[in-house]
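Below is one structure, written out as structure tokens; comments come after it.
The values are calculated or read from the model by the stated rules, or taken from the named source; none is laboratory data. Fair warning: this is a prediction, and the values are worked out from it, not measured in the lab. Neighbour counts run over all protein chains shown; Cβ positions are idealised from the backbone, glycine included. Accessible surface areas use protein heavy atoms only, side chains included; no ligands, DNA or RNA. Shrake-Rupley method; radii C 1.70, N 1.55, O 1.52, S 1.80 Å.
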Amino acid sequence: MIRFEQVGKVYPDGTTAVDGLSFEVAKGELVTLVGPSGCGKTTTMMMVNRLIEPTAGRILVDGEDVSTVDPVRLRRRMGYVIQQVGLFPHRTVLDNTATVPALIGWKRARARARAAELLELVGLDPAVHGPRYPAQLSGGQRQRVGVARALAADPPVLLMDEPFGAVDPVVREHLQNEFLALQATVRKTVLLVTHDIEEAVRMGDRIAVYGQGRIEQFDTPGTVLGAP
Ligand code: ADP
Ligand code: ADP
């Protein structure tokens, strides 16, 4: 589904962020990218939806070289969840969640109905939380809205960058479990970035362990944990 072929990225200032990345993510698989800050995880993710262009190699999504796909069309096929969820502060939770369906041309009523359905899917009550503004939610609730919004257009791919990073450990574990239950039903192809090895192990079907700018190990959680 997602295939990296010898992908490299050197930023204009000369920083090599990643070098020679080759790996594959199967359809419906959740792969976690784990490693210390600055090792190239975010760069890896942002190249998939062309927020960043690689300087070497190529990335295929569904067999298609992403550098040949219109970025807007590409991003419709990929939900993106980040730590600072980036909800619009002056729009209600329901309207935030309906943003993507509205952007892709759904009628307002249909977009809002879909948004309500998505809020329920991530464990929020559309009647209670829908009319609120982001500032009126807890951190964990905002993250859930972020996930709901990313799922809005039903993209086959989800890119998640430290999606549970901004909440306390108890809420974090709760959100991780909720997301796993959700993933068991929606079966998205997921790349999830974390610096927390426990999260990587708990969430990943497979784990890409990063060193500086490269993947040092790519395997199942059991094998990664069992490694010397
Ligand atoms: P994270 O740990 O979540 O990647 P960072 O603080 O490393 O967060 O990066 C935040 C943003 O700043 C990203 O958009 C990243 O591309 C950009 N950034 C990170 N390092 C640099 C740098 N050395 N020069 C310019 N931009 C950078
Ligand atoms: P991670 O997500 O693992 O924290 P990043 O992909 O954000 O790592 O960054 C990888 C390396 O690239 C770091 O050295 C970072 O400082 C650098 N970097 C990230 N964004 C930029 C940028 N826009 N310009 C220059 N260097 C950057």
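Per-residue answers, yes or no, for (1) touching a helix residue (DSSP H, G or I) at 6+ places or on another chain (Cβ under 7 Å); (2) within 12 Å of ligand 2 (Cβ to nearest atom):
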{"position": "K9", "(1), (2)": "yes, yes"}
{"position": "P12", "(1), (2)": "no, yes"}
{"position": "L30", "(1), (2)": "yes, no"}
{"position": "G57", "(1), (2)": "no, no"}
{"position": "T68", "(1), (2)": "no, no"}
{"position": "P71", "(1), (2)": "no, no"}
{"position": "Y80", "(1), (2)": "yes, no"}
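Condition first: farther than 25 Å from D19 by Cα and touching a strand residue (DSSP E or B) at 6+ places or on another chain (Cβ under 8 Å). Can you find one or more residues in segment 60-77 that meet it?
The first filter runs over segment 60-77 and keeps only residues farther than 25 Å from D19 by Cα, leaving 72-73, 76-77.
If we keep only those that are touching a strand residue (DSSP E or B) at 6+ places or on another chain (Cβ under 8 Å) too, we end up with 77.
Yes, that holds for at least one residue.
List every residue pair whose Cβ atoms lie under 6 Å apart, where the two residues are 6 or more positions apart in sequence or sit on different chains, the first residue falls within segment 100-114 and is under 15 Å from R73 (Cα atoms), and the second residue, located anywhere, is open to solvent by less than 60 Å² (accessible area, probe 1.4 Å) and part of a loop (DSSP other than H, G, I, E, B).
Between residues of segment 100-114 that are under 15 Å from R73 (Cα atoms) and residues that are open to solvent by less than 60 Å² (accessible area, probe 1.4 Å) and part of a loop (DSSP other than H, G, I, E, B), the close pairs are V100/A152; V100/A153; P101/A152; I104/A153.
Restricting segment 14-28 to residues that are more than 21 Å from Q183 (Cβ to Cβ) and touching an Asp or Glu at 6+ places or on another chain (Cβ under 9 Å), which is farthest from ligand 2 (Cβ to nearest atom)? Give the derivation first.
Restricting attention to segment 14-28, the residues satisfying the condition of being more than 21 Å from Q183 (Cβ to Cβ) are 14-22.
After this cut, where a residue has to be touching an Asp or Glu at 6+ places or on another chain (Cβ under 9 Å) as well, the list is 21-22.
Numbers: L21: 11, S22: 17 Å.
Among those that are more than 21 Å from Q183 (Cβ to Cβ) and touching an Asp or Glu at 6+ places or on another chain (Cβ under 9 Å), it is S22.
Quick check on my filter: what residues within segment 1-21 are surrounded by 14 or more Cβ atoms within 10 Å (Cβ to Cβ) and not in a strand (DSSP E or B)? Give the steps one after another, and end with the answer.
The initial filter retains those residues of segment 1-21 that are surrounded by 14 or more Cβ atoms within 10 Å (Cβ to Cβ), namely 1-5, 7-10, 16-21.
Scanning segment 1-21 gives a single hit, M1.
Please give the number of the condition L74 fails out of (1) open to solvent by 30 Å² or more (accessible area, probe 1.4 Å); (2) closer than 30 Å to A26 by Cα; (3) in a helix (DSSP H, G or I).
(1)
So which residues in segment 22-34 are more than 16 Å from ligand 1 (Cβ to nearest atom) and either in a strand (DSSP E or B) or free of Cβ contacts under 8 Å to residues at least 24 places away in the same chain (or both)?
Quick first cut of segment 22-34, residues more than 16 Å from ligand 1 (Cβ to nearest atom) only: 22-31.
Hits for segment 22-34 are S22, F23, E24, V25, L30, V31.
List pairs: first in segment 36-56 and assigned to a loop (DSSP other than H, G, I, E, B), second within 8 Å of ligand 2 (Cβ to nearest atom) and of a type in the set (A, V, I, L, M), Cβ under 8 Å, 6+ apart or cross-chain?
G40/A17; G40/V18; I52/M46
Residues are listed down the side, and each one gets a yes or a no for (1) at pLDDT 90 or above; (2) surrounded by 17 or more Cβ atoms within 10 Å (Cβ to Cβ); (3) within 27 Å of R73 (Cβ to Cβ):
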residue: D125; (1), (2), (3): yes, no, no
residue: V128; (1), (2), (3): yes, no, no
residue: Y133; (1), (2), (3): yes, no, no
residue: G139; (1), (2), (3): no, no, no
residue: A152; (1), (2), (3): no, yes, yes
residue: L158; (1), (2), (3): yes, yes, yes
residue: P163; (1), (2), (3): no, yes, yes
residue: E173; (1), (2), (3): no, no, no
